[in-house]
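What follows draws every value from the coordinates through simple rules; no lab data is involved. Being a predicted model, the structure only gives us computed values, none of them experimental. Positions of Cβ are backbone-derived with ideal geometry, glycine not excepted, and every protein chain shown enters the neighbour counts.
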Amino acid sequence: MRLSANKTWSQQELAIELHLSAPEKPRFLSWERRRLLIHAAKTALAAALCWWIASRFGLHDGYWGAISAIIVLQSNFGSTITASRDRILGTLIGTLLGFLFSLVGTVPWNYILAVFAAVVICGLLGFRSSSRLAGVTITILMLVQSGSHWAIALTRVGQVVLGIVVAVAVSTLVFPDRARLRLRDGLAEEFLRLGAFFEATLQGFRGAPAENLATARAAALTALRGNNQLLEVSRNEPSGGPGWREALAMLVQFGHSLYDTLVALELAVKDSNDDTYAEQLEPALGKLVADIHAGFHYVASCIHQWRFHVPAPGLHLENDIAQLAQRMAELRPKGITFAQAEILRAYAVQLHLKQIARLLRASRVETSQAVGEAHEVAPVSEGF
């Protein structure tokens with residue numbers, strides 16, 4: 001099974017931007033609206049199922065199962081698994097501590113100690129996100145409920161488990177939505193955003209800074225952060241094909257490396273308005289810049305289609321790098337006629353461009369190897 005699914009709204013937009021398909025006529029029930037309606041229906045279904053099961057089998061306080069299902073059911077399967085894990089751990093720890101502390105001392109001192117212990121234990125075990133749920137469970141057991149603490153603890157755990165099982169079943173069986181597909185979608189968009197950041201940065205080389213530079217940088221950073229979150233929840237999902245976990249994690253890491261290099265490039269081109277040395281590097285410099293920008297779009301297209309084995313026709317970044325290096329070597333004897341700051345800036349730009357070009361190629365080649373396409377990848381000298 002490959003990492004594929006029906007196109008989401010965002011993927012459709014990317015396909016249009018990458019010239020992979022024609023624009024569709026706008027519809028009232030867009031993909032995002034349909035997704036919202038599906039999530040609402042799945043949440044209502046999970047809550048109703050929990051209530052029905054509790055009523056059918058005469059379970060006490062059956063509403064806790066419905067509450068658990070509503071809380072843990074997220075928009076995609078990976079997030080649902082993560083929320084379920086946090087809730088069940090918080091409930092188990094809170095139930096155990098609430099029961100134990102209810103046997104010693106009196107309220108409120110034993111209650112205060114139980115909440116304190118829950119937060120500390122969750123933190124030490126690396127379950128900080130479960131600490132709030134543990135505290136809530138302790139509060140219900142020790143302050144709200146009445147009767148046998150042991151019976152209350154068992155009932156509470158049973159209801160939470162019921163809600164989680166129902167939520168996971170609904171998330172898996174009813175219009176399943178995978179975080180890994182959202183991440184693939186987000187990574188394609190991220191590389192387009194990085195390409196826009198690159199284009200805006202280079203507009204400031206030997207000219208006034210682009211007006212959209214700050215916006216392009218912020219959009220790229222937002223995409224990076226969103227994909228980090230999706231990567232974490234996608235790790236909880238079952239297999240989506242050979243090497244998909246490694247491939248997605250690799251692309252996320254390449255995105256961070258490219259962003260850091262672009263920020264360094266932004267600093268390198270600062271105050272280059274009056275530079276004349278860089279003009280002598282044309283057309284080699286312009287060719288490398290144009291091909292790098294095309295490379296961002298090509299990698300985004302590869303991610304969008306989840307196909308990495310075919311090099312981009314007409315893109316030869318290693319040749320572009322070699323031609324620029326040759327041109328700079330030819331200009332070296334004339335360096336005395338230019339300001340030292342201009343020469344240093346040009347060399348800094350060259351180094352950053354080389355790094356970006358090689359990161360782009362590596363992102364395609366190494367991802368291809370991760371998903372089992374290594375035998376179809378062309379050598380470095382043959383293309384992008």
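For the peptides 316-324, 133-141, residues were scored by their other Cβ atoms within 10 Å and the scores averaged per peptide; the highest-first order is 133-141, 316-324.
Distance between the pseudo-spin-label points of N228 and A325 (7 Å out from Cα toward the beta carbon): 3.4 nm. When L262, L37 are sorted by how many other C-beta atoms sit within 10 angstrom of their C-beta, beginning with the fewest, the order is L37, L262. Taking 20 °C and 1.002 mPa s as conditions, region 271-323 diffuses translationally at an estimated 168 µm²/s according to Stokes-Einstein applied to its Kirkwood radius (Cα pairs). What is the calculated FRET efficiency for L143 to N212, with r their C-beta to C-beta distance and R₀ = 41 Å, to the nearest 0.05? The pair L143/N212 has a calculated efficiency of 0.15. Highest mean first, the peptides 338-345, 192-199 sorted by other C-beta atoms within 10 Å per residue fall in the order 192-199, 338-345.
Taking packing as the residue-averaged number of other Cβ atoms within 10 angstrom, the listed peptides 97-108, 223-234, 158-169 run from highest to lowest as 158-169, 223-234, 97-108. Which part of region 240-271 falls in the paramagnetic zone of S129, meaning amide N under 18 Å from the point 7 Å along Cα-to-beta-carbon? Residues 249 fall inside that zone. Fewest-first ordering of I292, I303 by other beta carbons within 10 Å of each residue's beta carbon gives I292, I303.
Here A169 and T276 are evaluated by their C-beta separation; at R0 = 56 Å the FRET efficiency comes out at 0.25. Taking R0 as 51 Å, what's the FRET efficiency between T106 and I70 from their Cβ-Cβ distance, rounded to 0.05? FRET efficiency, T106 to I70: 0.90.
Based on alpha carbons, the Rg and Dmax found for region 179-382 are 18.1, 63 Å. Listed by Cβ neighbour count within 10 Å, with the fewest neighbours leading, Y111, Y347 appear as Y347, Y111.
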